[in-house]
Each structure stands twice: as C-alpha cells, then as structure tokens.
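The structure under discussion appears below in the form of structure tokens.
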Amino acid sequence: MKILNVDQIRALDQSTILHEPIAPINLMERAALAFVDWFIDHFPVTTPTKVFCGLGNNGGDGLSIARLLLERDYPVEVQVVRYAPRESDDFMHNHRRLKLVTENIKYIEFSRDIPALRHNEVVIDAILGTGLSRPTEGIVKETIAAINRAPASVVSVDIASGLYTDQPNGPNDVIIEPDYTVTFQLPKLAFMLPKNGRYVGNWQIVDIRLHKRYIDLAPTAYYFTQPSEAKLLLHKRDRYANKGTFGHALLYAGSFGKIGAAVLSARACLRSGVGLLTVQVPRCGYLVLQTAVPEAMCLADDHQTLLTGATEISSPAPTDFTTIGIGPGIGKAPETLAMLKKLLPTLKKPIVVDADALNLLSENRELLDQLPPNSILTPHPKEFERLTQKWDNDYQKLDILREFAKKYTIVVVLKGAYSAIATPDGDIHFNSTGNPGLSTGGTGDVLTGILTALVAQGYDSVEAAVLGVFAHGLAGDRVAEQRGPIGMVASDVIDALRWD
Ligand SMILES: NC(=O)C1=CN([C@@H]2O[C@H](COP(=O)(O)OP(=O)(O)OC[C@H]3O[C@@H](n4cnc5c(N)ncnc54)[C@H](O)[C@@H]3O)[C@@H](O)[C@H]2O)[C@H](O)CC1
Ligand SMILES: [K+]
C-alpha cells in the first residue's frame, strides 16, 4: 500500500471528484459514512458524543458525521471551533444540512465557550485534518489542550488535529492525543513514526473508494506492507525440490555466554525454509549447538570462547555457502574484528549483518564499502545511530536511512514499531505487523535467522527483508494473541512462524 504526501492526497481528492465523477460534498458524505460505520462498531448508541469541528473539510466531515450519528439516535452535540471568519464551501453546505436535523450546534470562539468533557463521553476530533499548514494557536490550541486534559475518549477524523501529515511538528506544538484515528483510504507518513505514537493512537483505515488509477500511478518512496502484498512475495515450493534447492546457509554466531543467540538464529533459519544450515560457533558452543539444534551442522572455531574464523578441520570456504548471516552474540573481540576484515573482501553475494557485527562496522566504517551489494543490515535505532549519526527527528532519520542504503547499495531494516526497510533504490517499506511483546532479548537473533534463510532460498534482498520482517512480526502477533505481549520469549516467535 502506498503512502502519499499531503499534496498527492489533495490531488487524489480532486482526481476522484473529476474521474468518478463525484461532487465534493458527496465525497465528504462518503468519508463521513465510512467513519460512522467504524464508530457505531466501536461505541454503543447510548454514548454521549461531542463532535468538535473546524472550518475546513475536516470540519465539514465532522458536521456530516454528527448529522449521521444523530439520525442513528446517538446523543450528539456539535461544537464548532470558530477560529477564522471564513468556512469552506463544503463546510457551509454540511452546516446547513445539519441545522435541518438539530439546533444543538454550539460555537467556540473564546476559552469560556469550551465545554466540560466527562469520562463517559467520546470526543470526535474534526477540527483540523491534512490541511494543517501552521502550528495550532489561539482558540484552536486552547480547545485541543482542553480535549487532551479531559478524561473523555477521543477519535480523530483522518488525522489528529495539529499533527502534520508528512513533516515534523515543532517541540511545543499542541496536538490532539487520540485513542483512535480513523483515516481515509491510505495511511499517513506521520503514523509510521515512533515519536508520533501519542498523536495517532490505534489507527484504522477506512476505504472511501478514491481514484485507484491515481493511486496506482502516483510516485512515492513510502509503502506500508499489507498482508496480501507479503503473501504475494512467498515463493511456492516445487514438488521435485530437494534440500539443495533451498540453499545452504552459514551463520557466524555466538560467544562465551551468548551461545543462545546462535541457537535462536539457527532455529529460526531452519524454521524459515533453508535447505541446509551450518553454524560456526566458538568451541564452547559446539556441544550446545549440536544438542539444541541437531538439524544444523556445526563448525567449532579454534578459539574456545569467541569467533576467529579459523577451524581445525578443512571446512568449506565461506564462499561455498549460498549466503552468510553474521552477528548474533558474536561480541566485538579484536580476533572477531580480524575475522570480519578477512571475510568481507572475499564475499560477492548478499549477506545478513546484525548485532555486534553492525557495531564492528560502526567502529570500522571503512568496512562498509566492502559489504557485498544488496546485503541486509538489521540495526535497531541505537545501532543505526552508531552506524551513521544522531538525528533531530524521525523525518531526518528516514532521510539518513534512505541515503545510507543508497550509498552502500544495501537493504537496511531499521527495527522498531513499523520497522522501516530502506532499499538501495531509495524506497522505504514500513512493516505492518508486530507488537511491543517483541521487545525481548533474542528476537533480533530470530530475525537474522529468518532473513538468512530467505536469502539462501533465492529471495532477492528487498523481498527477503519485507517478507521476513512481516512474518517475524506476524509470528509475534500470534504469540501475543495466545498469551499476551508480556512474557513473550524469542523462542515463542520461532515456534509461531508460518510460511503459508
Ligand atoms: N481524500 C481524503 O482524504 C478526503 C479528505 N477529506 C477531508 O478533508 C480534510 C482536509 O481538508 P482541508 O480543507 O484541506 O483542510 P483542513 O480541514 O485540514 O483544515 C482547514 C483549514 O484550516 C486552515 N488551517 C491550517 N492550519 C491551521 C491552524 N494551525 N489553525 C487554524 N487553521 C488552520 C487551513 O486554511 C485549512 O484549509 C481531510 O483531513 C479530510 O478530513 C474530505 O472530506 C473527503 C476526502
Ligand atoms: K482531525
């Protein structure tokens, strides 16, 4: 699913009006109906509801929503925040229609006009939408602040009033903090950014049948992975396939006290369809791996407690493997750094790099140029900051992410809520699965195993990253459904992985 910018959203509106064709007021009515269908699924008809309306089309939506809820016997009160002398035409049209249904329309011009809000009430925030062009001030700001202070539940129409659709807000901007956002047709970029979490709440898309052809043709760098899109990436298995068809991966993982990372990434790799797996661990991990993951072959490093890359028996050369995953629990010992320095120049095929291997790259940035093209790096924000630089806000972070992936011709999975997957050609795919339960030790090792397995099976790196991150998060969602997010462990995620 594409994420469009505010100008494109406006153009999409116009394109729908022109090509359907549909009168703007009827498109507003369609949006309002879609919102109301959602609302009545979530709040009983006895819910005291206050609809706060601005003077633009977001406000116009609000007036239409109020009228539709009144027609469905909801106890609705309308509060028009009159912050400017002029209303939009569609606002005026809906204002006239609403007055046919109720006279109970109040106007907020001064602080004293702002009504009290009780805990059992629901506020529908239709003050400002994607037309926000400056920080809220005056009576708008006061009304937003009052709504945020109140104990009532809040549902924002299209986007929280005061939140910019696709650019950073200022540190002192006053923005609605909704429990829900019901947005029209497409997600907004603002919803993907961690710092905006409190200004988005639990968000839902409602389809208002905007012009599909415009969306299909609209250029964008931002995408939000839908289940149907992830499913399309899945390679079907041929009946005559054999182990060799699905690759032989090599994982470099583990150090003394962190052999579990090697076990988790190995198990995840096998649970993600790799044909054969060899894991190279320090000698102290050999027995553990062979016991815990009998399906994996194991190379014992010469060193007892850390990886140097040297093994006593003549093992296959790293380049003999379909792909390599490196990082889970390897630590940052000089001998391990030496191994990485020796290994990288010999590799041509994409590898998966995670955890301390990333930190070694951060401390030796000249190695970044030696990464095989289309390798996949999987930093969490702190690791990414070490790899690149500090950023002032999430939008700058995305720019840094995109430039870094393009500069080194790599795929970067910036992990977190809505993990952002940056591609070598400058796109960013936001993941749509996962939950806070995944913030537990070892889930990163699991993802490394998954991605290594997908690359070994022949997925191109972007497909592997989008599908692997999606499947990883979805497995976490299954676990959270069964046992709640608290108490989830990385092994649960491996056991919940599905590839159908
Ligand atoms: N395709 C869709 O998504 C549809 C969206 N609809 C709704 O239309 C709004 C966008 O409406 P628009 O008139 O462009 O702007 P707003 O209502 O968001 O803002 C109104 C108006 O307010 C002025 N303004 C900007 N910033 C401020 C500020 N800080 N304080 C005060 N006033 C401000 C500015 O002049 C704006 O024009 C979208 O969100 C949807 O709710 C359609 O109804 C259906 C299709
Ligand atoms: K709004």
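The values are calculated or read from the model by the stated rules, or taken from the named source; none is laboratory data. Given the structure is predicted, the values throughout are model-derived calculations rather than measurements. Cβ coordinates were reconstructed from backbone atoms using ideal geometry, including for glycine residues, and neighbour counts include every protein chain displayed. The area values use the complete protein model at the heavy-atom level, side chains included, leaving out ligands, DNA and RNA. Shrake-Rupley method; radii C 1.70, N 1.55, O 1.52, S 1.80 Å.
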Filter the range 160-214 for residues that are within 11 Å of ligand 1 (Cβ to nearest atom) and in contact with a Lys or Arg (Cβ under 6 Å, 6 or more places away or on another chain); which is farthest from ILE421 (Cα to Cα)? VAL174
Just for the range 108-139: of the residues that are within 11 Å of ligand 2 (Cβ to nearest atom) and among the hydrophobic types (A, V, I, L, M, F, W, C), which one is farthest from PHE39 (Cα to Cα)? LEU132
Please identify the pairs in which a residue from the range 232-257 that is in the same structural domain as GLY444 (by TED's automatic domain parsing) has its Cβ atom under 9 Å from the Cβ atom of a residue that is open to solvent by 90 Å² or more (accessible area, probe 1.4 Å), counting only partners at least 6 apart or on another chain. LEU234/ASP500; THR245/ARG237; THR245/ASP238; PHE246/ARG237; HIS248/ASP320; LEU250/ASP320; PHE256/GLN304
Mind checking which residues of the range 50-79 are in contact with a helix residue (DSSP H, G or I) (Cβ under 7 Å, 6 or more places away or on another chain) and within 13 Å of ligand 1 (Cβ to nearest atom)? VAL51, PHE52, CYS53, LEU55, GLY56, ASN57, GLY59, GLY60, ASP61, LEU63, SER64, ILE65
So which residues in the range 7-21 are touching a helix residue (DSSP H, G or I) at 6+ places or on another chain (Cβ under 9 Å) and either crowded, with 18+ Cβ neighbours inside 10 Å or touching a residue at least 24 places away in the same chain (Cβ under 8 Å) (or both), if there are any at all? GLN8, ALA11, LEU12, ASP13, SER15, THR16, HIS19, GLU20
Flag if GLY437 is within 17 Å of the chain's Cα centre (by Cα) and either farther than 24 Å from ARG267 by Cα or open to solvent by 40 Å² or more (accessible area, probe 1.4 Å) (or both): no
So how many residues does the range 268-311 have that are under 12 Å from ALA453 (Cβ atoms), of a type in the set (A, V, I, L, M) and part of a loop (DSSP other than H, G, I, E, B)? 2
Which one is nearest to GLY59 (Cα to Cα) among residues in the range 23-37 that are away from ligand 2 (no atom under 16 Å from the Cβ) and of a type outside the set (A, V, I, L, M)? GLU29
How many of the residues making up the range 116-127 are open to solvent by less than 30 Å² (accessible area, probe 1.4 Å) and either aliphatic (A, V, I, L, M) or more than 11 Å from ligand 1 (Cβ to nearest atom) (or both)? 7
ASN148 in a helix (DSSP H, G or I), away from ligand 1 (no atom under 12 Å from the Cβ) and among the polar types (S, T, N, Q): yes
Please state which one of ILE215, ILE208, ILE176 is part of a helix (DSSP H, G or I), aliphatic (A, V, I, L, M) and either within 16 Å of ligand 2 (Cβ to nearest atom) or in contact with a helix residue (DSSP H, G or I) (Cβ under 7 Å, 6 or more places away or on another chain) (or both). ILE215
I'd like to know if the range 77-94 contains one or more residues that are over 34 Å from the mean Cα position of the chain (by Cα), away from ligand 2 (no atom under 16 Å from the Cβ) and among the β-branched types (Val, Ile, Thr). no
Tell me, which residue of the range 386-424 that is aliphatic (A, V, I, L, M) and part of a loop (DSSP other than H, G, I, E, B) is farthest from ASN169 (Cα to Cα)? ILE410
So ASN374, is it open to solvent by 10 Å² or more (accessible area, probe 1.4 Å) and in a helix (DSSP H, G or I): no
From SER133, SER153, SER161, which residue is surrounded by fewer than 18 Cβ atoms within 10 Å (Cβ to Cβ) and either assigned by TED's automatic domain parsing to the domain that holds VAL81 or not acidic (Asp, Glu) (or both)? SER133
Top-ranked residue in the range 179-195 [being open to solvent by 10 Å² or more (accessible area, probe 1.4 Å) and within 14 Å of ligand 2 (Cβ to nearest atom); ranked as nearest to ASP13 (Cα to Cα)]: PHE184
Which residues, taken from the range 80-95, are open to solvent by less than 30 Å² (accessible area, probe 1.4 Å), more than 9 Å from ligand 1 (Cβ to nearest atom) and either modelled with pLDDT under 90 or within 22 Å of ALA146 (Cβ to Cβ) (or both)? VAL80
May I ask you to list pairs of residues, at least six apart or on different chains, whose Cβ atoms are under 8 Å apart, with the first in the range 47-66 being over 20 Å from LYS141 (Cα atoms) and of a type in the set (Ser, Thr, Tyr) and the second being assigned to a strand (DSSP E or B) and within 12 Å of ligand 2 (Cβ to nearest atom)? THR49/VAL123; THR49/ILE124
Boolean, PRO135 is near ligand 1 (Cβ under 9 Å from one of its atoms) and not acidic (Asp, Glu): yes
